[in-house]
Amino acid sequence: MPTLAVNGTTLHYEDSGAGSTGETIVFSHGLLWGTELFAPQIEALRGRYRCVAWDHRGQGRSAADHRDHIGIELVWQDAVALLEALGLTKVHFCGLSMGGFVGMRMAARRPDLVRSLILIETSSDPEPIENVSRYRLLARVVKLLGPRVVRGRVAPIMLGKTILTERSRHADVERFLTIMTSRRDIWRAVHGVIDRAGIHDELARVTLPTVILVGDEDLATPRSRAEKIAGAIAGAQVVVIPRAGHSSTVEEPAAVIAAMESFLGALPAARDNGLV
């Protein structure tokens with residue numbers, strides 16, 4: 001798989017190549033994940049869109065980082081550097097959770113790089129104070145003992161009750177948790193998410209077409225967070241994904257694909273607007 005040296009780190013990325021529309025979707029994953037989080041969507045959309053996904057600094061297959069705290073501002077700067085290095089502009093930016101933190105910053109601060117915004121299970125606020133001490137404890141346990149010992153605590157945060165209770169999905173749950181607990185140094189990225197600043201005050205600058213998807217079983221960033229984002233971005237819409245928690249792209253992939261196709265299909269063709 002290709003890597004790219006940008007902004008003082010080396011990022012693993014995947015590029016499907018040109019699709020029939022000439023447009024590009026860039027995928028930015030959530031905490032604990034990598035590009036696997038969007039595998040179903042990329043497979044479904046790659047014929048029509050160039051699909052580019054990458055692993056954030058210190059996550060997935062990207063390089064380790066020496067910092068105790070990989071901040072969201074740094075991850076956003078990595079994203080800008082990646083897009084610029086690949087010569088990408090006017091992309092459809094799709095970000096889930098942590099990837100949504102990146103996407104909102106991108107749309108507010110570098111609208112020249114973004115054509116539309118797809119946010120999934122995310123929030124424009126800082127981490128709720130009631131979560132901070134619990135998440136810090138989990139990060140400390142991971143640092144000392146490794147991530148596999150917290151699998152049981154991670155599962156109900158990252159996955160919805162439906163997939164966790166359906167016996168037919170047990171193998172999926174095990175596979176997803178294995179991915180999410182595969183990097184011993186993930187605590188560095190966890191610190192960045194816990195300590196992130198809010199982005200809500202910048203959202204009034206976002207004038208791009210925007211959709212916010214949220215699982216109806218998401219406990220980490222419930223529907224109220226999606227509604228708050230939609231209220232700050234003119235014309236933004238909220239789509240609820242039934243039977244999904246904080247990882248709807250793999251929990252209910254068909255519903256997410258349908259929502260993305262509906263949103264993207266309603267946009268004017270890029271060629272008609274001279275964008276490709």
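The values are calculated or read from the model by the stated rules, or taken from the named source; none is laboratory data. Note that the structure is predicted; figures quoted are calculated from it, not measured. Neighbour counts are summed over all protein chains in view; Cβ atoms, including those assigned to glycine, are modelled from backbone coordinates with ideal geometry.
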Are any of the residues in the stretch 255-268 under 16 Å from I163 (Cα atoms) and modelled with pLDDT of 95 or more?
yes
Report every pair of residues separated by at least 6 positions or lying on different chains whose Cβ atoms are under 9 Å apart, first residue within the stretch 182-195 and of a type in the set (S, T, Y), second assigned to a helix (DSSP H, G or I) and surrounded by fewer than 21 Cβ atoms within 10 Å (Cβ to Cβ).
S182/R148
Within the stretch 231-258, residues surrounded by fewer than 21 Cβ atoms within 10 Å (Cβ to Cβ), among the hydrophobic types (A, V, I, L, M, F, W, C) and closer than 25 Å to I199 by Cα come out as A232, A234, A236, V238, V239, V240
What number of residues in the stretch 183-214 are touching a Leu at 6+ places or on another chain (Cβ under 9 Å) and farther than 20 Å from A230 by Cβ?
7
If we keep just the residues of the stretch 81-109 that are among the hydrophobic types (A, V, I, L, M, F, W, C) and free of Cβ contacts under 8 Å to residues at least 60 places away in the same chain, which is surrounded by the most Cβ atoms within 10 Å (Cβ to Cβ)?
M106
Consider the stretch 157-181. How many of its residues are closer than 18 Å to L219 by Cβ, without any contact (Cβ under 8 Å) to a residue 24 or more places away in the chain and out of contact with any helix residue (DSSP H, G or I) (no Cβ under 8 Å at 6 or more places or on another chain)?
2
Can you go through D218, D185 and tell me which one is under 16 Å from the mean Cα position of the chain (by Cα), modelled with pLDDT of 95 or more, surrounded by 15 or more Cβ atoms within 10 Å (Cβ to Cβ) and acidic (D, E)?
D218
For the stretch 73-124, what are the residues that are within 19 Å of L4 (Cα to Cα) and of a type in the set (V, I, T)?
V75, V80, T89, V91, V102
When you go through L119, L138 one by one, which is the residue that is buried (at least 18 other Cβ atoms within 10 Å of the Cβ) and either within 27 Å of I25 (Cβ to Cβ) or hydroxyl-bearing (S, T, Y) (or both)?
L119
Of everything in the stretch 44-73 that's among the hydrophobic types (A, V, I, L, M, F, W, C) and either within 10 Å of A189 (Cβ to Cβ) or within 15 Å of the chain's Cα centre (by Cα) (or both), which residue is surrounded by the fewest Cβ atoms within 10 Å (Cβ to Cβ)?
I72
Quick check: is even one residue across the stretch 25-40 of a type outside the set (S, T, Y) and more than 13 Å from the chain's Cα centre (by Cα)?
yes
If you take the residues in the stretch 81-109 that are among the small types (G, A, S) and in a helix (DSSP H, G or I), which one is nearest to the chain's Cα centre (by Cα)?
G99
